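First comes the structure, then the notes that go with it.
The values are calculated or read from the model by the stated rules, or taken from the named source; none is laboratory data. Please read all numbers here as calculations on a predicted model, not as lab measurements. In this analysis, Cβ positions are derived from the backbone assuming ideal geometry, glycine residues included, and neighbour counts consider all displayed protein chains. What goes into the accessible areas is simple: the full protein's heavy atoms, side chains included, and nothing from ligands, DNA or RNA. Shrake-Rupley method; radii C 1.70, N 1.55, O 1.52, S 1.80 Å.
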2 protein chains.
Amino acid sequence: MIDNDRRNLLLCALLAPLASNVLPASAADTPMPEHRMPDMGPEMDKVQWMGNEEIAMLVYPGMTVMDLVGPHCMFGSLMGAKIHIVAKSLDPVTSDAGLTVVPNATFDTCPRDLTVLFTPGGTDGTLAAASDSATLTFMADRGARAKYVTSVCSGSLILGAAGLLKGYKATSHWSCRAALAGFGAIPTEARVVRDRNRVTGAGVTAGLDFGLAMVAELRDRIYAECTQLMSEYDPHPPFDAGSMKTAPPLVKSAMIELVADFSKKAEALAGMTKI
Amino acid sequence: MIDNDRRNLLLCALLAPLASNVLPASAADTPMPEHRMPDMGPEMDKVQWMGNEEIAMLVYPGMTVMDLVGPHCMFGSLMGAKIHIVAKSLDPVTSDAGLTVVPNATFDTCPRDLTVLFTPGGTDGTLAAASDSATLTFMADRGARAKYVTSVCSGSLILGAAGLLKGYKATSHWSCRAALAGFGAIPTEARVVRDRNRVTGAGVTAGLDFGLAMVAELRDRIYAECTQLMSEYDPHPPFDAGSMKTAPPLVKSAMIELVADFSKKAEALAGMTKI
């Protein structure tokens, strides 16, 4: 009966964000007699509802905050996991579009052994982070032992600069995917690319697909499906311009031109060209 | 020639986040001889590249931060727009899943006349915000004059509680859409619902679709397509469980049960039932 109650309790607490009214994260041992779930059957019993992942998400000035929050939205559903928002210091960090977030860990206080090491991308801020020795030392150190080494968007430039992508297939934002070759990676065009324990997502919004894939990897497909329903991830983009394959030619050429300078700088960072 | 240079300059600055390397937001009058765009032709000339929207995004403890950041990701591309992250005070605000953001405006300092008034959703935090008189007074005041009154996810409960949805079609997260009727709204099942100047998005990740639709509304379809390509919004969810229509029955019943308490509280808030 205790086991059964415990399973019911866990299921109640599933998906912390939308379930925060049901069970506070810190109250995992509190009895919740009012919110027992019915017996969901053997398929649900197999799911690993509770875990203890240590997830570190790098933040830095000029990052694209959506690169961070897409995966965070999915990771946030992992009962028992700890999410560390890691920066050089605990000072607030402002994104490229001006939203400011507050880290809760530093390079010193972040756990040494991680389940997931993650970095978001950006443009100038990302190039700066990928050229910063303290950041690269941190990423190389944690990346050497992390169970999964991951990124979304141009965050893979930081992984590459930290020496974490040598010989691995990886992706990035379309504007700088080619530059990954300069770090010894194999640039690969896909929404989410996995090669052994490296998992990289394409540009910005790919963090949602990346995050869901990681939830399934860390727990179970059913867990990921629960997370998907709670985040109502049933996308219906009003236009069909989200990839280089579908965007109207005029939009494509304008945007390629717009980021040409960043694309060049990314290749220079990777040692492929000089500016 | 000056007009032409100005257009080129604006196009260069398009989509601030990924273009932050090209043109700092504050440097709109600085000549950028190295980054002139080629003449993109009459179709691009018609687009309103520069604007002056005043966009206020409410934040409050316990909000779902993805509800905020999805739209922010799209609004962030609007050259010339100002985005106000508004709260009761400038104290950092922690989301339901534990990510902390810093407001840059208060109910007092937020501009009185807004182009867009927006609120994210959540669960307990949203019910608290929708019961807080200072929050409701602020929303009702700005909402009375805003060009667009908008929300994502259960944020529509706050619009409803502020009296802003009476007689309007609106949507919400699936767990509390029915409760909107208690506020005199017409609950409507769609990813993004527009009724006159009320624009509401469905749960959590619908903020991306909502945000793109708003960019097209505020500027132009081509502008939105540029934003979509830059944010690589070409979703490929690894599973098909994002809506009540597609989720496996077991997942659906578990999640309905999980949020049953929140659903009841939302209906009580709307005066439909008593707890």
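For B:D234, state whether it is more than 9 Å from every other protein chain (Cβ to nearest Cβ) and over 27 Å from B:F138 (Cα atoms).
No; evaluated as a whole, the condition is false for this residue.
Mind checking which residues of segment A:263-275 are farther than 10 Å from A:C176 by Cβ and either open to solvent by 40 Å² or more (accessible area, probe 1.4 Å) or of a type in the set (F, W, Y) (or both)?
Selection gives A:G271, A:M272, A:T273, A:K274, A:I275.
Residue-by-condition table, conditions (1) open to solvent by 10 Å² or more (accessible area, probe 1.4 Å); (2) within 18 Å of the chain's Cα centre (by Cα):
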position: B:A128; (1), (2): yes, no
position: B:A134; (1), (2): yes, no
position: B:A140; (1), (2): yes, yes
position: B:L165; (1), (2): no, yes
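Just to confirm my filter: which helices (runs of 4 or more DSSP H) fall fully inside segment B:55-148 and include at least 1 residues that are within 14 Å of chain A (Cβ to nearest Cβ) and in contact with a Gly (Cβ under 8 Å, 6 or more places away or on another chain)?
Qualifying helices (runs of 4 or more DSSP H): B:65-75, B:124-129.
Which of the residues that make up segment B:217-231 are facing chain A (nearest Cβ under 7 Å) and either touching a helix residue (DSSP H, G or I) at 6+ places or on another chain (Cβ under 6 Å) or crowded, with 24+ Cβ neighbours inside 10 Å (or both)?
Passing the criteria: B:A224, B:E225, B:C226, B:Q228, B:L229, B:M230, B:S231.
Just a yes or no: is a residue in segment A:48-70 open to solvent by less than 20 Å² (accessible area, probe 1.4 Å) and modelled with pLDDT under 95?
Yes: segment A:48-70 contains one or more residues that are open to solvent by less than 20 Å² (accessible area, probe 1.4 Å) and modelled with pLDDT under 95.
Could we say that B:D39 is open to solvent by 40 Å² or more (accessible area, probe 1.4 Å), of a type outside the set (G, A, S) and at pLDDT 50 or above here?
Criteria met by B:D39.
Scan B:F262, B:F210 and give me the residue that is within 11 Å of chain A (Cβ to nearest Cβ), over 14 Å from B:M74 (Cβ atoms) and assigned to a helix (DSSP H, G or I).
B:F262
What pairs come up if the first residue lies in segment B:190-214 and is at positive phi, the second is in a loop (DSSP other than H, G, I, E, B) and of a type outside the set (G, A, S), and their beta carbons are under 8 Å apart, counting only those six or more places apart or on different chains?
B:R196/B:Y168; B:V204/A:E232; B:V204/A:Y233; B:V204/B:T64; B:V204/B:C153; B:V204/B:H173
Are any of the residues in segment A:186-206 within 14 Å of chain B (Cβ to nearest Cβ) and assigned to a helix (DSSP H, G or I)?
Yes, some residue in segment A:186-206 is within 14 Å of chain B (Cβ to nearest Cβ) and assigned to a helix (DSSP H, G or I).
Of everything in segment A:233-262 that's surrounded by fewer than 19 Cβ atoms within 10 Å (Cβ to Cβ) and small (G, A, S), which residue is farthest from B:E43 (Cα to Cα)?
Among residues in segment A:233-262 that are surrounded by fewer than 19 Cβ atoms within 10 Å (Cβ to Cβ) and small (G, A, S), the one farthest from B:E43 (Cα to Cα) is A:A260.
Which of the numbered conditions does A:I158 fail, given that it passes all the others? Conditions: (1) buried (at least 24 other Cβ atoms within 10 Å of the Cβ); (2) within 19 Å of B:L208 (Cβ to Cβ).
Among (1) buried (at least 24 other Cβ atoms within 10 Å of the Cβ); (2) within 19 Å of B:L208 (Cβ to Cβ), the lone unmet condition for A:I158 is (2).
Residues in segment A:213-243 that are more than 20 Å from A:C153 (Cβ to Cβ) and part of a helix (DSSP H, G or I): how many?
12
May I ask you to list the residues in segment A:240-255 that are more than 7 Å from chain B (Cβ to nearest Cβ) and touching a residue at least 40 places away in the same chain (Cβ under 8 Å)?
A:M244
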